[in-house]
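Just so it is clear, none of the values below were taken in a lab; they were calculated from the coordinates. Just so it is clear, the structure is predicted and the values come from calculations on it, not from any experiment. Here the Cβ is made from the backbone with ideal geometry for all residues, glycine too, and neighbour counts use every protein chain on show.
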Amino acid sequence: QVQLVESGGGLVQPGASLRLSCAASGSKFAISTMGWYRQAPGKERELVATITASSRIDYADFAKGRFTIFRDNAKNTVYLQMSSLKPEDTAIYYCTSQILKMYWGQGTQVTVSS
C-alpha cells in the first residue's frame, strides 16, 4: 500500500507560479512511475505529467513549456513546478504512483484567478 500526500495548492493570480509537492510512503518510491493529474470542475480527469524511475518525462501538451515535473528519491517526493498559470489551470491536482497498480493522492486545489 502506498500513501500519497499532496501539498502546495492555493489561490494565485494569472501569471503566477506554484510548486506542488507529493510525499509518498513506502520503500518502492525510487522504482515507481510518479505522475500528476488534474480535474477541473465539470471536466474529466486528465494527465498533466509523468516521470519514470529512470526520469523519463512526459507532459500533456498544455503543460509543455510551463510545467516541470521532478523527483527527489531521497525524500520520496515528486514535485510539479507550474509557471505562467492561467485561469484554465484551475483544478484539483492529484499525485499518482504506479508500480503494478496505480495509487492516488487525495488531491490539492489550485485556483488561478484575479
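Brief remarks follow.
- Test item: Cα-centred dipole of the chain, Lys/Arg +1 and Asp/Glu -1 on Cβ, debye: 200
- Relative contact order (%) - the chain, alpha-carbon pairs under 8 angstrom, separation at least six: 37
- In sequence order, calculated HN-Hα J values of the range 37-43 (Karplus, 6.51, -1.76, 1.60; Hz; x Gly/Pro): 10, 9, 9, 8, x, x, 10
- Seen from Thr90, the other residues with C-beta closer than 12 Å to its C-beta sum to a net charge of +1, counting Lys and Arg as +1 and Asp and Glu as -1.
- By DSSP, the beta bridges lying fully in the chain are antiparallel in about 95 percent of cases.
- Karplus-derived 3J(HN,Hα), 6.51/-1.76/1.60, for each residue of the range 73-80, Hz, glycine and proline x: 5, 5, 10, 6, 9, 10, 10, 10
- For a label point 7 Å along the Cα-to-beta-carbon line of Ser27, residues of the range 60-96 with backbone N under 19 Å: 73-77
- The coefficient of translational diffusion for the range 15-72, derived via Stokes-Einstein from the alpha carbon Kirkwood radius under 25 °C and 0.890 mPa s, stands at 193 µm²/s.
- With 23 Å as the limit on Cα-Cα distance, the pairs of Lys28/Lys64; Lys28/Lys75; Lys43/Lys86; Lys64/Lys101 that go past it are Lys28/Lys64; Lys64/Lys101.
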